[in-house]
Amino acid sequence: MLNNWVVMPTCLPTVLRRCHTCTSERFRPNGKFRVNAHHKLLDAWLLALCTACGDTAKLTLLERMNVRSVRPELLDRMHDNDPGLAAELLQDPAVRRRNRIALDWDNAWRLDTGGSDHLDREWGLPCSSEAESLGKIDVSVRFAARIPVRPVRLIADGCGLSRAGVKRLLTEGKLVSAVRLSGKLSGDFTFLLKR
């Protein structure tokens, strides 16, 4: 039986960018937009506040765009300060490149393992009696957003193990995956944990 885990965002990530007022390099986006019209041209920004001094930074989204070339539903979502739109735009590589920013996802996500009441005593994993009798657990990890996370950390958190314990299982060949589990991943993957 396949266990499904989901990496879910809990809030907007911190924006890493140098503050022009103080020495801080961390901004907290609040999901608010600013849209300015210059005759038939639009400018739009996502606002973020410096975590140290509170100064506002404007992350450029649209620059001198013709009003007719902007989808009306996108404009409505900006006027409504849609937090979902803010999350989508922060994950857009073009927006990050244009504004020369990086994202820090620390404390902005959680791992949902399905919350099953039947936990494996040895690993702390939700599993079926069929998987227990076969001595293996098959897990599919899905990312609800492109959050870069170390797979070893996810597996340790989901299984109730230490990271060193997960690395040991990996070297012993008891933890296998089609993707490399060292480094960071932000895309879906599966792994098999054997007894």
request  = With the convex hull built on the Cα atoms of the range 1-109, state its orientation-averaged projected area in nm².
outcome  = 8.7 nm²
key: Rg(Cα) / (2.2 N^0.38 Å) computed for the chain, rounded to two decimals   = 1.30
note = If unit charges are put on Cβ atoms (+1 for Lys and Arg, -1 for Asp and Glu) and the dipole of the chain is taken about its Cα centre, the option from Ser177, Ile101, Val152 lying farthest towards the positive end turns out to be Ile101
task = Could you work out how far apart the two model spin labels at Gln91 and Cys53 are, taking each label as a point 7 Å from the Cα in the direction of the beta carbon, and quote it in nm?
result = 3.3 nm
note = Taking R0 as 25 Å and r as the Cβ-Cβ distance between Lys194 and Val6, the FRET efficiency 1/(1 + (r/R0)^6), rounded to the nearest 0.05, comes to 0.60
message = If you average 1/r across every pair of different Cα atoms in the range 1-40 and take the reciprocal, what Kirkwood value do you get, in Å?
response = 14.3 Å
remark   = Per-residue accessible area, 1.4 Å probe, largest first, puts Lys184, Lys32 in the order Lys184, Lys32
remark   = Dividing the helical contributions, -39500 (n - 2.57) per DSSP H run of n ≥ 4, by the residues of the chain yields a 222 nm value, nearest 500 deg cm²/dmol, of -6500 deg cm²/dmol
ask   = Three principal axis extents, largest first, for the C-alpha atoms of the range 135-195, in Å?
value = 31, 20, 20
query = For the pair Glu63 and Arg26, what calculated FRET efficiency results from E = 1/(1 + (r/R0)^6), where r is the Cβ-Cβ distance and R0 = 25 Å, to the nearest 0.05?
reply = 0.50
ask   = Considering lysine pairs in the chain that are 8 or more places apart or on different chains, how many have Cα atoms under 20 Å apart?
value = 7
query = For the chain, what is the accessible area per residue in Å², given a 1.4 Å probe and the full set of protein chains?
reply = 58 Å²
request  = Report in % the part of the accessible area of the chain that belongs to carbon and sulfur, leaving out ligands and nucleic acids; probe 1.4 Å.
outcome  = 48 percent
inquiry  = Modelling each spin label as a point 7 Å along the Cα-to-Cβ direction, I'd like the Thr171/Ala145 distance in nm, to one decimal.
reply    = 3.6 nm
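The values are calculated or read from the model by the stated rules, or taken from the named source; none is laboratory data. If you're wondering where the values come from, they're calculated on a predicted model, not measured in any experiment. Neighbour counts are summed over all protein chains in view; Cβ atoms, including those assigned to glycine, are modelled from backbone coordinates with ideal geometry. Just so you know, the surface numbers come from the protein's heavy atoms only, side chains and all, with ligands and any DNA or RNA stripped out. Shrake-Rupley method; radii C 1.70, N 1.55, O 1.52, S 1.80 Å.
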